[in-house]
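Q: Quick one: structure below, then a few questions.
Rule-based calculations on the coordinates, nothing more; no lab input. Since the model is a prediction, treat every value here as computed from it, not as a measurement. Glycine also receives a Cβ, built like all others from the backbone with ideal geometry; neighbour counts cover every protein chain displayed.
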Amino acid sequence: MKILKGDLIQLALSGEFDVIIHGCNCFCSMGAGIAQQIRKTFPLAFQADLETGSGDKNKLGTYSRATIKIKDAPLTIINGYTQYRYSGPHVLADYDAIAALFSRVKTNFSGKKIAYPRIGAGLAGGDWKKISEIIVHQLAGEDHTLVEYLSLQK
């Protein structure tokens, strides 16, 4: 796992990556965190989310996606279903869903430059150490980067 400090969305828009992944709940909201920023920046990704069944627990571990052109190259945005609900008192991140998601990503996007934020460790409250181990295991041999958000504002 490479680690880069910056803004995942801006780096994607500059053509740094082929695939970006973010975690979603199963209720088609994309209303907070980086999902909200992706919804605003990449409306086709939100449209892909809306085309899935809202509240469908079977989405866990799967994804919807949208592909757009950035500098004449495709950029695929993955809406990874890594948690069922979007609020509650407990950890919302589903570790099995995260593992299944990244297994699918490896199968379908092997050889691509893949990037993601701390999926499941922000608003979903998951343990980043555990999540990062899952990602490293599932994406073994792939070119993948954790982008840690670095605000340019002070």
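Q: So, with +1 on the Cβ of K and R and -1 on the Cβ of D and E, and no other charges, what is the size of the charge dipole of the chain about its Cα centre, to the nearest 20 debye?
A: 180 debye
Q: Further question: Can you tell me what share of the DSSP beta bridges in the chain is antiparallel? A percent to the nearest 5 is fine.
A: 35 percent
Q: Among all the aspartates and glutamates, which ones have a C-alpha under 18 Å from Lys130's C-alpha, if same-chain residues fewer than 8 places away are not counted?
A: The reachable aspartates and glutamates, counting only those whose Cα sits under 18 Å from Lys130, are Asp94, Asp96, Glu148.
Q: Using a Gaussian network model of the chain whose springs link C-alpha atoms within less than 10 Å, name the residue from Ile119, Ile70, Ile98 with the highest mean-square fluctuation.
A: Per the Cα network of the chain with a 10 Å cutoff, Ile70 tops the list.
Q: At 222 nm, what value in deg cm²/dmol follows for the chain if DSSP H runs of at least 4 each add -39500 (n - 2.57) and the sum is divided by all its residues, to the nearest 500?
A: -9500 deg cm²/dmol
Q: For the chain, with a Gaussian network of springs between Cα atoms less than 10 Å apart, report the residue from Lys113, Lys71, Lys59 with the top mean-square fluctuation.
A: So, out of Lys113, Lys71, Lys59, the one fluctuating most is Lys71.
Q: Would you list Lys130, Lys5, Lys112 from fewest to most Cβ contacts within 10 Å?
A: Values: Lys130 13, Lys5 9, Lys112 17.
In order of increasing Cβ crowding within 10 Å: Lys5, Lys130, Lys112.
Q: Under a cut-off of 29 Å between alpha-carbon atoms, report the lysines in cross-link reach of Lys40, not counting same-chain residues fewer than 8 places apart.
A: Qualifying lysines at Cα under 29 Å: Lys2, Lys5, Lys57, Lys59, Lys69, Lys71, Lys106, Lys112, Lys113, Lys154.
Q: Mind checking the dipole of the range 2-80: about its Cα centre, +1 per Lys or Arg Cβ, -1 per Asp or Glu Cβ, Debye to the nearest 20?
A: Dipole of the range 2-80, to the nearest 20 debye: 120 debye.
Q: Hey, what did the chain get for relative contact order, percent, Cα under 8 Å, at least 6 apart?
A: 32 percent
Q: Where does the charge balance sit around Phe17 when Lys and Arg score +1, Asp and Glu -1, over other residues with C-beta under 10 Å from its C-beta?
A: -1
Q: Find how many whole Å separate the alpha carbon centroid of the range 106-154 from the alpha carbon centroid of the range 24-45.
A: When both Cα centres are located, 17 Å separates them.
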